[in-house]
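Chemist: Structure in structure tokens, see below.
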Amino acid sequence: MGLADSPVSLTDGSYDATARIVDAAAEDDTAVEAALRPKRLVDFPGQTKVRDQLGLVLEAARRRAAPPDHVLLSGPPGLGKTTLAMIVGAELGQPVRVTSGPAIQHAGDLAAILSSLAEGEVLFLDEIHRMSRPAEEMLYLAMEDFRVDVVVGKGPGATAIPLELPPFTVVGATTRAGLLPAPLRDRFGFTGHLDYYETADLETILHRSAGLLQVGADAAGIAEIARRSRGTPRIANRLLRRVRDWAQVHGDDVVDARSAQAALTLFDVDDAGLDRLDRGVLEVLCTRFGGGPTGLSTLAVAVGEETDTVETVAEPYLVRTGYLARTPRGRVATALAWRHLGLAVPDGLAQGMLPVDEPGRFGG
């Protein structure tokens, strides 16, 4: 794949940014994303509270020479849940076994994975809320008592054979923590919620990524990308690579403000970080449905996307940044959305008042 050894964290917690880790001729986005991930907790930018709490849990476990409590990481996609799971293994000096909730649809699938774990090993379960119910019930027992009951036979003659497991650590990741059943959630000794990043943290991430990719970048170009990255490192790194592409083709191989603005315009990322889908939702809501309230499924059909895509990809950022409001009667465009699209704001919104003929329009 053209990936060399990952850079090693220096004693002061910095990275040797001159180390070439990516062969551009054989670049693959998935491999590059993995190569850009921090390998140690000290190198993980942002999420200060979660990082410090997790660091304490891991350090205490190391001093006890025992596996740490099970770890649950929640938050929107792209904020570093997988990266933190890999870091847990690195900090403990243990391998990480990776699987996902959708891949475990039968208790037997989970039993096969658990029975092959070595002592102290880390089991990373991505999208853990999508596991099947029988597998969840088996996981309860495995996490608490480090054993599973393997059922042999069927019907009245079936026999449950207890299988003892060596101590291990489960790291679960979920974008929808509310879907986890309470018995499973309660078995995690540490729960960390990752929130969107501040622009300054994204700039730190982008400077590091630019160094690892050997891309020339100035502060203005990095700031422009960070500002439009929706508070998400995965998006920031992806936009950096696209701006680099533009600079290599049209510029002087330097990511500066001019190349960042031109590239992001080409890729439909506007000044507020809204992309084609975001603007499509707002335009449909404002121009076809008078600002709402409009049901989620209606919006999805109008923009030609699946309901889940609108709900999990576009809506969280639009709500967080104040362009969209969720109400019991449907989605509503705010005054900020009308202004962003260059449309005249309805009188009721402009004055900060609700239309008198629609009491409770905004969920009041």
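Listed here are the residues, each with its yes/no results for (1) in a helix (DSSP H, G or I); (2) among the acidic types (Asp, Glu).
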position: 163; (1), (2): no, no
position: 172; (1), (2): no, no
position: 188; (1), (2): no, no
position: 195; (1), (2): no, yes
position: 202; (1), (2): yes, no
position: 211; (1), (2): yes, no
position: 223; (1), (2): yes, no
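Quick grid of which residues meet (1) farther than 30 Å from residue 65 by Cβ; (2) aliphatic (A, V, I, L, M); (3) in contact (Cβ under 8 Å) with a residue 60 or more places away in the chain:
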position	(1), (2), (3)
164	no, no, no
209	yes, no, yes
257	yes, yes, no
261	yes, no, no
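Chemist: Another question about this same structure. Does residue 242 satisfy being basic (Lys, Arg), out of contact with any Phe, Trp or Tyr (no Cβ under 7 Å at 6 or more places or on another chain) and on the phi < 0 side of the Ramachandran plot?
Modeler: no
Chemist: Looking at 171, 148, which one is modelled with pLDDT under 85, within 30 Å of residue 65 (Cα to Cα) and crowded, with 16+ Cβ neighbours inside 10 Å?
Modeler: On inspection, the qualifying residue turns out to be 148.
For (1) outside any helix (DSSP H, G or I); (2) over 21 Å from residue 166 (Cβ atoms); (3) in contact (Cβ under 8 Å) with a residue 12 or more places away in the chain; (4) among the β-branched types (Val, Ile, Thr), each residue gets a yes or a no:
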position: 109; (1), (2), (3), (4): no, no, yes, no
position: 112; (1), (2), (3), (4): no, no, no, no
position: 119; (1), (2), (3), (4): yes, no, yes, no
position: 125; (1), (2), (3), (4): yes, no, yes, no
position: 136; (1), (2), (3), (4): no, yes, yes, no
position: 139; (1), (2), (3), (4): no, no, yes, no
position: 148; (1), (2), (3), (4): yes, no, yes, yes
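Chemist: Further question on the same structure: Which of the residues spanning region 35-48 are under 17 Å from residue 231 (Cα atoms) and without any contact (Cβ under 8 Å) to a residue 60 or more places away in the chain?
Modeler: Answer for region 35-48, where residues must be under 17 Å from residue 231 (Cα atoms) and without any contact (Cβ under 8 Å) to a residue 60 or more places away in the chain: 37, 44, 48.
Chemist: Quickly run through region 249-274 and pick out the residues that are over 27 Å from residue 339 (Cβ atoms) and surrounded by 15 or more Cβ atoms within 10 Å (Cβ to Cβ).
Modeler: Matches in region 249-274: 251, 254, 255, 256, 259.
Chemist: Looking at the structure I just gave you, is residue 321 loosely packed, with under 14 Cβ neighbours inside 10 Å and either under 22 Å from the mean Cα position of the chain (by Cα) or modelled with pLDDT of 85 or more (or both)?
Modeler: Answer is no for this residue.
Chemist: Also, I was wondering about something else. Looking at (1) within 18 Å of the chain's Cα centre (by Cα); (2) more than 23 Å from residue 55 (Cβ to Cβ); (3) outside the structural domain of residue 57 (by TED's automatic domain parsing), which is the only condition residue 179 fails?
Modeler: Going through (1) within 18 Å of the chain's Cα centre (by Cα); (2) more than 23 Å from residue 55 (Cβ to Cβ); (3) outside the structural domain of residue 57 (by TED's automatic domain parsing) one by one, residue 179 breaks only (3).
Chemist: Only one of 57, 88 is within 26 Å of residue 238 (Cβ to Cβ), modelled with pLDDT of 85 or more and assigned by TED's automatic domain parsing to the domain that holds residue 184; which?
Modeler: The match here is 88.
Chemist: Restricting attention to region 284-312, which residues are in contact (Cβ under 8 Å) with a residue 40 or more places away in the chain, surrounded by 17 or more Cβ atoms within 10 Å (Cβ to Cβ) and either among the basic types (Lys, Arg) or on the phi < 0 side of the Ramachandran plot (or both)?
Modeler: 285, 286, 293
Conditions tested, residue by residue: (1) touching a strand residue (DSSP E or B) at 6+ places or on another chain (Cβ under 7 Å); (2) closer than 15 Å to residue 228 by Cβ; (3) of a type outside the set (A, V, I, L, M); (4) modelled with pLDDT under 85.
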{"residue": "251", "(1), (2), (3), (4)": "no, no, yes, yes"}
{"residue": "271", "(1), (2), (3), (4)": "no, yes, yes, yes"}
{"residue": "276", "(1), (2), (3), (4)": "no, yes, yes, no"}
{"residue": "279", "(1), (2), (3), (4)": "no, yes, yes, no"}
{"residue": "290", "(1), (2), (3), (4)": "no, no, yes, yes"}
{"residue": "308", "(1), (2), (3), (4)": "no, no, yes, yes"}
{"residue": "331", "(1), (2), (3), (4)": "yes, no, yes, no"}
{"residue": "334", "(1), (2), (3), (4)": "yes, no, yes, no"}
{"residue": "347", "(1), (2), (3), (4)": "no, no, yes, yes"}
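Chemist: Please list, ordered by residue number, the helices (runs of 4 or more DSSP H) wholly in region 244-316 having 3 or more residues that are among the β-branched types (Val, Ile, Thr).
Modeler: 296-303
The values are calculated or read from the model by the stated rules, or taken from the named source; none is laboratory data. Bear in mind the structure is a predicted one, so any value in this text is a computation, not a measurement. Cβ sites come from the backbone with ideal geometry, for glycine too, and all protein chains shown count toward neighbours.
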